[in-house]
Each structure stands twice: as structure tokens, then as C-alpha cells.
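Data first, discussion second: the structure below is written as C-alpha cells.
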Amino acid sequence: MPITPASVQEVGDGLKGVGYLPGPSTALVAFLATKLGKPVLVEGPAGVGKTELAKALGRYLQRELVRLQCYEGLDEAKALYEWNYRKQLLRIQAEAGDAGWDRVQDDIFGADFLLERPLLTAISSPEPVVLLIDEIDKTDQEFEAMLLELLSDFQISIPELGRVDATTHPVVLLTSNNSRELTEALKRRCLYLWLDYPEPDHELAIVRLHTPELPETVATKLIEVIGMVRALDIKKPPSIAESIDWARALLLLGASDIDQETFRDTLSVIVKHRTDLDTVAERVGIKLEPAQAA
Ligand SMILES: Nc1ncnc2c1ncn2[C@@H]1O[C@H](COP(=O)(O)OP(=O)(O)O)[C@@H](O)[C@H]1O
Ligand SMILES: [Mg+2]
């Protein structure tokens, strides 16, 4: 049975229970989304937990996650539905001669010949799902307009078949890395959640959740260093994803401290641009303890 949360607190605890530590507004917005039935637009830099929030909500609400990964050039055929041309063709060939065209035509534009894509799957599912429309900023405005219609009416028109009304209402999350401004019309229909790099305490808790075996002193130092790196003016500051990767790497290497040598050896786990590497090595490396002589 899908879960219907009764309070913000319940959503917060529920998300924690499935391995996601929500920030201050996250639980609130997620709760409202389940109650008001409005989509949530989650914006923020890469690697701060936007996609994972949708996955975690699915786990917590015990709903299946249906994911539409957006990309440049994504069209309705890949997002909504498509006719299965190959199957249609086979049917036409199989029936050639016997049945008249009218009968075959009625037949090949039936549900059996339809390929469901994520948006149609989400609204026609007998059990309510969590629908994740990931990285919506990668599509164009035309696609956004089509989506708008779907998100306000929860129905899809298929010319040959008729209208498909939603059987259940999904909890919808749209994510954006902010690579382009989304339309006002879309924003108006959504609740809004901005996810940023978390406060140090919060990020420490996230890192410890993912790598409980890493000594606490190392984890605390890691968060401090990550903060120093983010404060620099670099191309791509490390995100939570990099903090977690770094923690895993340090754990594997059995590091008991982050000194200059450890930092230099593992720097490429958190910084991934040639120029950033130089800046960070220069500006942050020197602030760390020199390596202990063995
Ligand atoms: N609040 C959080 N609690 C637990 N793990 C988190 C949290 N935020 C981010 N993460 C972890 O950080 C990584 C990156 O998250 P992801 O959702 O892929 O980022 P985004 O979609 O914003 O680019 C994932 O491994 C995710 O599990
Ligand atoms: Mg993502």
C-alpha cells in the first residue's frame, strides 16, 4: 500500500529512513507535493541530491519511480508514446488478402500496438507512481509547453485512440541544473525547491551516512577542506557527490588524516578541470599539515 504522510515531520523521518537526509525546506516541499498534488521543480547545481530526492521519495512512499531522462532533441515519441511500426507492419502482412483494410486499420491502432514512454506510463499506471522528469533544462521550450499541458490536465490525447485520462495521480518532480531559464508558465504550475551545497553539519551527516566506517576526524576534516575548495573561484566546485566519492577513496586508502600528501594524491577525486587542479593544489594544499615523516 502506498504511504500517505500526515505531517512534514513524517516525510522528514521517512526520507531519513530510506537513506536521504533532507535539508530544511526539502521535507516541507515534499510533504506539500503529496498533499496539493502539484509538481515540484527542484533546481540547483549538479550533484546536490536532486535526482536522489525523487528516488528516495519513491522508496519512502512505496511507489514505483518512473523516470524520464531529458536531453537535447527529446521529442514526444520518446517521452509520451510511439506506435510500434514494426509490429503494425507484421500484422498488415499477416492479414494481407484475408481482411479488408478497414479491419486491419482498426486493429493496428489499438493499445496492443502502442509503445508506452515514461509520461504515458506514469499517468496510466494503476498504482500511483513518482514521476521524475530529470534535467528538464536540457530540452527546448516546445517540449516544456507540451509538458505543461500534461501537468495541468493529467491527460494525453492520442489521435488514433482518443484521450487517455490519468487513472492515478503521480507525485511529479522536475529537476534542473539551471543551464537555461525555464518558462514562467512552467514555474507557476510548480512548487519550487532550491537545493544548494549543504551546511557543513548537514553535509557531514550525509558523508557519514554513506561511509560510516570513515573515522569521524577524517570526515570532519574532509568537510572543512571541501568548504575551502568551494570558496575558491573555480570552474566546477565539488558537490556532495564528490564529497562522498572522496570519503570512499580515503576509506579505501586507510587515510587517518588529510595532510598535504594525501590531498595531492586524491585531489582528482574532487576537482576535475585542469585549471581548477592547479588553483586548488596551490591555494588549499599549502594550508594543510605537511605529511608525517614515517
Ligand atoms: N540529502 C542527501 N542525503 C543522502 N545522500 C545524498 C543527499 N544529497 C545528495 N546525496 C548523494 O549525493 C549524490 C549525488 O546526488 P544526485 O541526486 O545524483 O545529484 P543531482 O541530481 O543533484 O546532480 C548521490 O550519491 C546521493 O545519494
Ligand atoms: Mg541528477
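Output the number of residues of region 107-151 satisfying the condition of being surrounded by fewer than 11 Cβ atoms within 10 Å (Cβ to Cβ) and without any contact (Cβ under 8 Å) to a residue 40 or more places away in the chain.
Matching residues across region 107-151 total 1.
In region 195-202, is there at least one residue being over 18 Å from the mean Cα position of the chain (by Cα), surrounded by 14 or more Cβ atoms within 10 Å (Cβ to Cβ) and over 30 Å from residue 114 (Cα atoms)?
The answer is yes, given that some residue of region 195-202 is over 18 Å from the mean Cα position of the chain (by Cα), surrounded by 14 or more Cβ atoms within 10 Å (Cβ to Cβ) and over 30 Å from residue 114 (Cα atoms).
Of all residues in region 101-134, count the ones that are among the hydroxyl-bearing types (Ser, Thr, Tyr) and touching a Pro at 6+ places or on another chain (Cβ under 8 Å).
Matching residues across region 101-134 total 1.
Given the conditions (1) at pLDDT 95 or above; (2) farther than 25 Å from residue 44 by Cβ; (3) of a type outside the set (Asp, Glu), which single one is not true for residue 288?
(1)
Mind telling me which of the residues 255, 219 ends up being part of a helix (DSSP H, G or I) and of a type outside the set (Ser, Thr, Tyr)?
219
Among the residues of region 236-289, what is the count of those that are hydroxyl-bearing (Ser, Thr, Tyr) and over 28 Å from residue 52 (Cα atoms)?
The total comes to 4.
Starting from region 159-182, keep only residues that are surrounded by 12 or more Cβ atoms within 10 Å (Cβ to Cβ), then list their pairs with residues that are of a type in the set (Phe, Trp, Tyr) whose Cβ atoms are within a distance under 7 Å, requiring at least 6 positions of separation or different chains.
160/109; 161/109; 166/154; 169/154
I'd like the full set of residues that are surrounded by fewer than 20 Cβ atoms within 10 Å (Cβ to Cβ) and within 16 Å of ligand 2 (Cβ to nearest atom), limited to region 37-48.
44, 45, 46
Just to be sure before I move on: is residue 130 at pLDDT 90 or above and within 16 Å of ligand 2 (Cβ to nearest atom) in the structure I sent?
When the stated conditions are applied, residue 130 passes them.
If you go through region 1-55, how many residues are over 20 Å from residue 244 (Cα atoms), near ligand 1 (Cβ under 10 Å from one of its atoms) and acidic (Asp, Glu)?
Matching residues across region 1-55 total 1.
I'd like to check which helices (runs of 4 or more DSSP H) are fully inside region 5-106 and have at least 1 residues that are without any contact (Cβ under 8 Å) to a residue 12 or more places away in the chain.
8-17, 24-36, 85-95
Which of the numbered conditions does residue 199 fail, given that it passes all the others? Conditions: (1) away from ligand 2 (no atom under 16 Å from the Cβ); (2) out of contact with any His (no Cβ under 9 Å at 6 or more places or on another chain); (3) over 21 Å from residue 21 (Cα atoms); (4) not β-branched (Val, Ile, Thr).
Only one criterion is unmet by residue 199, namely (3).
Can you tell me which of 236, 187 is basic (Lys, Arg), within 16 Å of ligand 1 (Cβ to nearest atom) and touching a residue at least 40 places away in the same chain (Cβ under 8 Å)?
Exactly one of 236, 187 is basic (Lys, Arg), within 16 Å of ligand 1 (Cβ to nearest atom) and touching a residue at least 40 places away in the same chain (Cβ under 8 Å), namely 236.
Here are some residues: 51, 26, 4, 34. Which one is under 19 Å from residue 130 (Cα atoms), of a type in the set (S, T, N, Q), out of contact with any Asp or Glu (no Cβ under 7 Å at 6 or more places or on another chain) and within 16 Å of ligand 2 (Cβ to nearest atom)?
Result of the check over 51, 26, 4, 34: 26.
Looking at (1) within 16 Å of ligand 2 (Cβ to nearest atom); (2) of a type outside the set (A, V, I, L, M, F, W, C); (3) outside any helix (DSSP H, G or I); (4) farther than 18 Å from residue 281 by Cα, can you tell me which one residue 236 breaks?
(4)
The values are calculated or read from the model by the stated rules, or taken from the named source; none is laboratory data. Remember, it's a predicted structure, so these values are computed and weren't measured experimentally. Glycine also receives a Cβ, built like all others from the backbone with ideal geometry; neighbour counts cover every protein chain displayed.
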